[in-house]
Amino acid sequence: MDTLLAPVHGRLIKQTHSIVVDKVRKVFATKNGDFLALRDISLSIRQGEFVSLIGHSGCGKSTLLNLIAGLDTCSAGNIICSGREVRGPGPDRGVVFQNHSLLPWLTCYQNIYLAVERVFGATESKAQCRARSLAALALVKLSEAAEKFPHEISGGMKQRVGIARALAIEPQVLLLDEPFGALDALTRASLQDELMRIVAASKCTVVMVTHDLDEAVLLADTVVMMRVGNADMPGAVIARTLAIDLPRPRERLALADQASYHALRKEILDFLYGEHQ
Amino acid sequence: MKERKGQKELLLNILAPCLGLAGFLLLWTLLAKEGGRLPTPSVTFEAALQLFAKAFYQNGPNDQGVGWNLLASLQRVALGFGLAAVVGIPLGFLLGRVPFLARALSPVISLLRPVSPLAWLPIGLLVFKAANPAAIWVIFISSIWPMIINTAAGVEQVPKDYLNVARVLQLSPWKTFTKVLLPAALPHVLTGVRLSIGVAWLVIVAAEMLTGGVGIGFWLWDEWNNLNVPHILLAILLIGAVGYALEFALLKLGRRFA
């Protein structure tokens, strides 16, 4: 972070950095005046790094993710993603939404095909796009659900289709907004394992918003802890970042016996429930 | 247990409507007996047999069978309602997507929507200088509002998540329309269409009474001039049945897409 150069519009900053967030500020206009959601957030994320944004609800973690996704615009500062300034959403960033957001009138396959066709339709044949869509479904082990509609499958399966849709366009960056928040613990665990496997294979950069500290430690290379603003200092800030230097591949059962895992977990726990809040 | 449930459904779905109709006929018979002016159901039924036996005769432009009159009305409704759909549904989509336009047109719509349909007839006669286009105009202007308003409401209510999917993928406006907006708003659009067809059918009978020519509304008024009361009652029943059939067909269509 310290080595970060001042970003210049549209110019390549640093090859090794996939995402650079530079002094980003976000103000929402509300009925009661302006609300400062994010105050001067700076963060750089390496190519292939898995970053978890963690913090209490309302700490602006989803806001930051939306800014990186380009679904919302910064009030000040800027974000560079894959060497270009973020000015809007784009297929270089795959987004997995909190509530899957599959289009209910399309089958699982069609939901993925819609994305694939948009990104590869101009350069590839229909058969290739079809193959890509099916491969994405196979990646999340849902080949048999291809012709099913979203309401015919379980919540965990929907979220897997959402992940498949985001990955099928081969994004450089995968953005996940509390992807497993609405799932039961067992389904969540199996999807976390699956996500680890997929991310290891695709080598894409990942930013994931979560409020589950076990999830953050298990999945991330870096945990970014965000703190809500208060009356004296409004606007959320990054309180600290924590490198999770546990070796990969990680196994949740093995981790449970490791002292280093618990030490990292405790650090986040202290942050979330300690004196800071 | 299952048998009992079946019996209950039979009672509700078949017996109850039959009882309602029987009550209606009984009331009708009593009214006919007491008043003396109203024909009884049996007299009306006999008149119906004769009428519908030659529903499609043609003795010149002013004396045609009831079937031709009905078809003429349906044709007007199809034209006026069709034009209203062609204009109203796209306009509704625009209003739903462009808040500025919605605000701009809101006072105009609020002002014109409550106007009684027949109040538009003189404007139609003035502009088109003929009865038939004026009748179609009245249907157009009175059936367009439910389609505009329901479509706009449907488009406004498209969940933001779906639109975010379109934004993240940067779908073209056309793809966004066909794959996201249209399917999401379709149930609302079809509700508007169903309400509109009801209005159109209500209006045509009244409009034809004023404009004359060929049509079920004119036919009904003509039979009043002939003092053929059984035919008036038959026209009422026929108008009701056709209106019901139109709404029912659109309801079925709506269920298919919902």
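The values are calculated or read from the model by the stated rules, or taken from the named source; none is laboratory data. Predicted model, so just to flag it, every value in this text is computed and none were measured. With ideal geometry, Cβ positions are generated from the backbone for all residues, glycine too; neighbour counts draw on all protein chains shown. Heads up: the accessible areas ignore ligands, DNA and RNA and are worked out on the full protein's heavy atoms, side chains in. Shrake-Rupley method; radii C 1.70, N 1.55, O 1.52, S 1.80 Å.
Using amide H atoms built 1.01 Å from N in the peptide plane, name the residues 5+ places from A:V95, or on other chains, whose amide H lies under 5 Å from its own.
A:L175
May I ask you to compute the full-extension gain from B:K8 to B:F52, defined as 0.36 nm times their residue separation minus their alpha-carbon distance, rounded to one decimal in nm? Present the calculation step by step, with values, prior to reporting the outcome.
Details: separation 44, 0.36 × 44 = 15.84 nm, distance 3.72 nm.
Full-extension gain reported as 12.1 nm.
Give me the base-10 log of I(q)/I(0) for region A:81-170 at each q in 0.13, 0.14, 0.22, 0.24 Å⁻¹, Debye formula, one uniform scatterer per Cα, rounded to two decimals.
Per q value, in the given order, log10 I(q)/I(0) is -0.41, -0.47, -1.03, -1.17.
Ratio of alpha-carbon Rg to the 2.2 N^0.38 Å globular estimate for the protein assembly as shown, to two decimals, please.
Values: Rg = 32.9 Å, N = 535, 2.2 N^0.38 = 23.9 Å.
Cα Rg divided by the expected 2.2 N^0.38 Å: 1.38.
Run the simple label-point estimate for A:R130 and A:H211 please: 7 Å along Cα→C-beta, distance reported in nm.
Between A:R130 and A:H211, the label points sit 4.5 nm apart.
Threshold 20 Å², probe 1.4 Å: give the residues of region A:51-79, in number order, that are less accessible with all protein chains present than with their chain alone.
Buried on complex formation: A:L71.
Could you work out the Kirkwood radius for region A:125-178, taking every pair of different alpha carbons, averaging 1/r and inverting it, reported in Å? Before the final figure, lay out each step's value.
Values: mean 1/r = 0.0853 Å⁻¹.
The Cα-based Kirkwood calculation yields 11.7 Å.
Let me have the 222 nm mean residue ellipticity of chain B computed from DSSP H runs of 4+ only, each contributing -39500 (n - 2.57), with the sum over all residues rounded to the nearest 500. Please list the in-between numbers first.
Details: 11 runs with 201 residues, N = 258.
Roughly -26500 deg cm²/dmol at 222 nm, from the helical runs in chain B.
Can you give the FRET efficiency for B:L253 and A:A182, using 1/(1 + (r/R0)^6), R0 = 22 Å, r = Cβ-Cβ distance, to the nearest 0.05? Numbers along the way, then the final one.
Numbers: r = 34 Å, r/R0 = 1.56.
E between B:L253 and A:A182, to the nearest 0.05, is 0.05.
Please report the base-10 log of the normalised intensity I(q)/I(0) for region A:158-268, using a Debye sum with one equal scatterer per alpha carbon and no solvent, at each q in 0.12, 0.22, 0.23 (1/Å).
So the normalised log intensities are -0.47, -1.34, -1.41.
Looking at chain B, do any whole DSSP H helices span at least 30 angstrom along their long axis by alpha carbon and average -1.0 or above on Kyte-Doolittle, and which? Walk me through the intermediate numbers first.
On the way: long enough: B:66-97 (45 Å, 1.34); B:131-156 (38 Å, 1.19); B:182-211 (41 Å, 1.51); B:229-257 (43 Å, 1.43).
TM-like helix candidates: B:66-97, B:131-156, B:182-211, B:229-257.
Compute from the Cα atoms of region B:1-146 the Rg and the Dmax, the latter being the longest Cα-Cα distance, and quote both in angstrom.
23.4, 68
Modelled label-to-label distance, A:S143 and B:I123, 7 Å Cα→beta-carbon offset: nm?
So the two model labels end up 6.3 nm from each other.
Of B:A104, B:A84, B:A200, which has the largest mean-square fluctuation in a 10 Å C-alpha GNM of chain B?
In the Gaussian network model the winner is B:A104.
In region A:156-246, what percent of the accessible surface is made up of carbon and sulfur (1.4 Å probe, ligands and nucleic acids excluded)? Intermediate values should be presented prior to the final figure.
On the way: 1670 of 3200 Å².
On region A:156-246, the fraction of accessible area on carbon and sulfur atoms equals 52 percent.
Test of understanding: extend the Cα→C-beta vector of A:A201 to 7 Å, then name every residue of region A:109-124 with backbone N under 18 Å from that spot.
Zone members listed by number: A:109, A:112-113, A:116.
Where Rh is the Kirkwood radius over the Cα pairs of region B:156-258, the temperature 25 °C and the viscosity 0.890 mPa s, what D in µm²/s does Stokes-Einstein return? If you can, show how the numbers build up before the last one.
Working: Rh = 16.7 Å.
Translational diffusion coefficient: 147 µm²/s.
For region A:116-244, give the share of DSSP beta bridges that are antiparallel, in percent and rounded to the nearest 5; count only bridges with both residues there.
Numbers: 6 of 11 bridges.
Looking only at bridges with both residues in region A:116-244, the antiparallel portion is about 55 percent.
Rounded to a whole number of µm²/s, how large is the Stokes-Einstein D of chain A at 25 °C and 0.890 mPa s, given Rh as the Kirkwood radius over C-alpha pairs?
On the way: Rh = 19.5 Å.
After rounding, the answer is 126 µm²/s.
How many square angstrom of accessible surface are buried between B and A, both sides summed, with a 1.4 Å probe and rounding to 100?
Details: alone 15870 and 13530 Å², together 27770 Å².
Chains B and A together bury approximately 1600 Å².
Give the angle, between 0 and 90 degrees and rounded to the nearest 10, that separates the Cα long axis of helix A:185-202 from the longest principal axis of the Cα atoms of chain A.
That works out to roughly 80 degrees.
Pull up all non-local amide H partners of A:A37: gap of 5 or more, or a different chain, and H-to-H distance under 5 Å with H placed in the peptide plane.
Here the answer is A:K26, A:V27, A:F28, since their amide H atoms fall under 5 Å of that of A:A37.
Using only the Cα atoms of chain B, construct the convex hull and provide its projected area averaged over every direction, in square nanometres to one decimal. Don't skip to the end; give the middle numbers.
Details: hull surface 81.3 nm².
If you wrap the Cα atoms of chain B in a convex hull and average its projections, you get 20.3 nm².
How tilted is helix A:155-168 with respect to the longest principal axis of chain A? Cα atoms for both, answer in degrees (0 to 90, nearest 10).
90
Round to a whole angstrom and tell me the spacing of the C-alpha centers of region A:219-251 and region B:58-73.
Answer, in whole Å: 80.
What nm value, rounded to one decimal, do you get for the distance between A:T123 and A:N230 when each label is placed 7 Å out toward the C-beta?
Modelled inter-label distance: 5.1 nm.
Going through the cross-link list A:K23/A:K158; B:K129/B:K252; A:K26/B:K160; A:K23/A:K203; A:K266/B:K160; B:K33/B:K54, which pairs have a Cα-Cα distance over 31 Å in this structure?
Values: A:K23/A:K158 36 Å; B:K129/B:K252 38 Å; A:K26/B:K160 20 Å; A:K23/A:K203 27 Å; A:K266/B:K160 38 Å; B:K33/B:K54 29 Å.
Where the Cα-Cα span goes over 31 Å, the pairs concerned are A:K23/A:K158; B:K129/B:K252; A:K266/B:K160.
For the protein assembly as shown, what is the accessible area per residue in Å² when the probe is 1.4 Å? Spell out each step's value before the answer.
Working: 27770 Å² over 535 residues.
With the other protein chains kept in place, the protein assembly as shown gives 52 Å² per residue.
Tell me whether region B:1-71 comes out rounded, prolate or oblate; compute the Cα gyration tensor, take square roots of the eigenvalues as a ≥ b ≥ c, and use a/c under 1.5 as the rounded threshold.
On the way: a/c = 4.59, a/b = 1.80, b/c = 2.54.
Since a/c reaches 1.5 but b/c is at least a/b, the shape of region B:1-71 is classed as oblate.
Quick one: grab the alpha carbon gyration tensor of region A:126-220, order the square roots of its eigenvalues as a ≥ b ≥ c, and give me rounded if a/c is under 1.5, else prolate or oblate depending on whether a/b is larger than b/c. Walk me through the numbers on the way to the answer.
Numbers: a/c = 2.21, a/b = 1.32, b/c = 1.67.
It comes out oblate by the Cα gyration axes.
Work out the P(r) tail for region B:93-189: percent of alpha carbon pairs separated by more than 22 Å, whole number.
On the way: 2088 of 4656 pairs.
Result: 45 percent of Cα pairs exceed 22 Å.
Ignoring ligands, DNA and RNA, please state the percent of accessible area on region B:82-173 from carbon and sulfur, probe 1.4 Å. Can you show the working numbers first?
On the way: 3340 of 4700 Å².
About 71 percent, which is the carbon plus sulfur part of the accessible surface.
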